[in-house]
1. Can you spot a residue in region 25-35 that is within 24 Å of MET381 (Cα to Cα), touching a Gly at 6+ places or on another chain (Cβ under 7 Å) and of a type outside the set (Ser, Thr, Tyr)?
2. Looking only at helices (runs of 4 or more DSSP H) that fall completely inside region 321-387, which ones have 2 or more residues that are aliphatic (A, V, I, L, M), surrounded by 22 or more Cβ atoms within 10 Å (Cβ to Cβ) and in the same structural domain as CYS419 (by TED's automatic domain parsing)?
3. Mind listing whichever residues of region 183-211 are polar (S, T, N, Q) and in contact (Cβ under 8 Å) with a residue 40 or more places away in the chain?
4. When region 197-242 is examined, which residues are found to be of a type in the set (Asp, Glu), within 23 Å of HIS279 (Cβ to Cβ) and surrounded by fewer than 19 Cβ atoms within 10 Å (Cβ to Cβ)?
5. Is it true that some residue in region 268-285 is on the phi > 0 side of the Ramachandran plot and among the charged types (D, E, K, R)?
6. Being surrounded by fewer than 24 Cβ atoms within 10 Å (Cβ to Cβ), closer than 30 Å to LEU305 by Cα and touching a residue at least 12 places away in the same chain (Cβ under 8 Å) narrows it down to one residue among VAL93, VAL120; which is it?
7. Looking at region 271-294, can you tell me whether even one residue there is within 20 Å of the chain's Cα centre (by Cα), free of Cβ contacts under 8 Å to residues at least 24 places away in the same chain, assigned by TED's automatic domain parsing to the domain that holds GLN193 and closer than 17 Å to LEU189 by Cα?
8. Please note which helices (runs of 4 or more DSSP H) are completely contained in region 174-276 and include at least 3 residues that are modelled with pLDDT under 95 and in contact with a helix residue (DSSP H, G or I) (Cβ under 9 Å, 6 or more places away or on another chain).
Amino acid sequence: MAKTAVDLKNEGNKAFAAGDWPTAVDLYTQAIELDDSQPTFYSNRAQAHIKSEAFGYAIADATKAIELDPNMLKAHFRRGLARAAILKPKEAVADFKRCVELNPQSTDARLKLEECKKIVRQLAFFAAIEVGDQPSAAEGLDLDNMAVDEGYDGARLGKEMTQEFIDDMTERFKQGKKLHRKYVYQIILAVKQIVYEEATMVEMKIPSDVELTVCGDTHGQYFDLMELFRRNGSPSDKHWYLFNGDFVDRGSWSTEIALLLYAYKWLRPHGFFLNRGNHETDDMNRVYGFEGECKAKYNERTFKLFSESFSALPLATLIGKKYLVLHGGLFSDDNVTLDDIRKLNRHNQRQPGQSGLMMEMLWTDPQEEKGRGPSKRGVGMQFGPDITAKFCEKNGLEAVIRSHEVRMDGYEVQHGGRCITGMSIQATRESIANTVSLLGAQVLRLDGEQGCLHQHRPRLQAQIRAIRCRAASGHQAHGIRPEFSSFVAYVVGLEDVLVGRNRITHGQASGHGISEEFANISAQIPRVDRRIIRSRAGQDLGNFIWIPCVGGNTYDFHIRS
């Protein structure tokens with residue numbers, strides 16, 4: 001019996017509930033193909049697009065749902081969410097106002113309305129004061145006479161960066177400690193000067209005895225970065241790194257990641273490279289968390305210094321004249337060449353704006369269809385395989401390497417091998433937490449031959465076992481954050497099922513067959529890096545590593561046996 005449109009919609013709802021957004025989108029699309037008169041189908045697909053961060057598609061679907069039913073509250077709310085996500089708060093305000101009109105009791109709509117009004121006021125304020133060249137946030141800083149407290153328990157930083165200081169700061173960050181403010185300023189200012197003097201498109205040749213690793217987005221997920229270095233190797237004279245933007249926002253350790261990457265850049269200016277991403281920009285930092293994190297952990301000056309350094313970052317890297325690495329993608333004009341990138345004066349423009357080469361380098365995405373199409377994000381555009389082929393042929397390139405998007409395996413080759421996308425964190429959303437491959441498979445390596453490019457899967461010295469856990473329903477009613485409410489872990493190869501609850505007591509732990517040490521973890525999740533956990537029989541299970549997938553309620557746990 002053929003499935004009806006309602007059947008397909010219901011299956012889409014199940015896929016959505018399971019966190020499988022691509023399947024949900026496909027099923028809602030099939031339902032629409034059978035019956036395009038139902039606003040719910042479009043509204044549901046809009047929500048799936050929001051979860052996939054395809055905000056442009058979400059706006060289009062929500063708008064269609066509103067055309068079919070002007071009083072559909074969910075459609076207005078979802079369009080407002082999507083518009084706010086792509087920094088169109090004025091338009092989002094109109095949607096949330098309509099939501100409040102339709103349901104004056106909607107707390108969510110009122111909160112979102114106030115949030116967007118606040119953003120509108122902030123943007124208006126910043127636009128008013130950003131006229132002409134502003135004085136640098138470094139003015140008035142006297143680092144030579146800035147004292148470090150005697151009680152500071154970290155390594156001291158002199159005039160130059162050292163590996164010893166990096167090793168110490170790495171461990172400090174794992175323990176939830178901060179750097180002294182003097183050292184934060186030193187690191188940012190030193191790197192700002194280094195990257196300012198680099199070309200807009202850095203051009204490198206890899207020595208024959210050197211290997212280069214290209215990494216995608218890290219988005220403030222510090223422990224993912226630690227795992228990447230552990231499994232892939234630390235930066236060294238013979239192992240160069242290129243991080244392709246989006247170091248910050250979303251994750252809760254954005255300052256730690258930015259400072260660590262900057263420290264390596266200072267230590268190894270000719271063997272550690274940083275491209276700018278669309279999240280190394282003021283407007284994104286104000287909405288997606290980095291500004292607030294800087295102010296909470298350090299101060300407003302720290303954010304302003306980071307902002308100045310971000311605007312100095314190169315926009316692309318050309319490797320061996322064969323591989324162009326940039327955060328977003330290609331251009332709306334077929335006539336753009338590498339020379340146009342070379343000539344782009346990023347120091348005059350600073351912020352990408354809504355159009356032009358810089359915006360497109362940071363924002364565009366590939367598509368499977370030929371030609372160009374509207375952006376699924378609502379910002380920039382999309383380019384097809386023919387566009388990529390023309391650009392590569394005109395500029396003598398083998399391929400374009402980009403990041404900017406999550407891929408189900410962390411890595412994808414498109415456009416006949418000429419467009420490669422890589423993401424270097426496990427997931428930025430719970431949408432793919434069950435399917436993304438383990439960290440370390442999501443980097444690209446190029447060797448000194450300049451022509452050998454391959455996905456790198458570091459050989460594990462010990463077996464990795466993944467443990468999935470989800471927050472229990474009902475946590476919000478008790479005022480408990482979802483990531484702390486409960487977790488269930490199944491340890492492969494053991495009979496024990498370890499069950500934890502928020503702030504579980506030692507007595508409750510023994511009642512569930514859980515060791516006291518394991519039980520304590522639930523109350524320490526924000527600070528836990530690793531623990532030794534034991535089964536009921538006291539068997540050592542190995543190193544417990546907590547790696548959060550920020551942005552949702554799914555978390556990954558790894559046990560090295």
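1. no
2. Numbers: elements: 338-343, 346-349, 357-363.
Answer list for region 321-387: 357-363.
3. Taking region 183-211 first, the residues polar (S, T, N, Q) are 186, 193, 200, 208.
If the condition is that a residue be polar (S, T, N, Q) and in contact (Cβ under 8 Å) with a residue 40 or more places away in the chain, then GLN186, THR200, SER208 are the ones that fit.
4. From region 197-242, those of a type in the set (Asp, Glu) are 197-198, 203, 209, 211, 217, 224, 227, 237; that's our starting set.
So of that shortlist, the ones also within 23 Å of HIS279 (Cβ to Cβ) come out as 198, 217, 224, 227.
Across region 197-242, the qualifying residue is only GLU198.
5. Looking only at region 268-285, we keep the residues that are on the phi > 0 side of the Ramachandran plot, and these are none.
Scanning region 268-285 turns up no residue that is on the phi > 0 side of the Ramachandran plot and among the charged types (D, E, K, R).
6. Details: VAL93 fails: closer than 30 Å to LEU305 by Cα.
Just one listed residue meets the conditions, VAL120.
7. Checked region 271-294: no residue is within 20 Å of the chain's Cα centre (by Cα), free of Cβ contacts under 8 Å to residues at least 24 places away in the same chain, assigned by TED's automatic domain parsing to the domain that holds GLN193 and closer than 17 Å to LEU189 by Cα.
8. Working: elements: 181-196, 222-232, 254-267.
In region 174-276, the matching helices (runs of 4 or more DSSP H) lie at 222-232.
The values are calculated or read from the model by the stated rules, or taken from the named source; none is laboratory data. All values reported here derive from a predicted model rather than from experimental measurement. In this analysis, Cβ positions are derived from the backbone assuming ideal geometry, glycine residues included, and neighbour counts consider all displayed protein chains.
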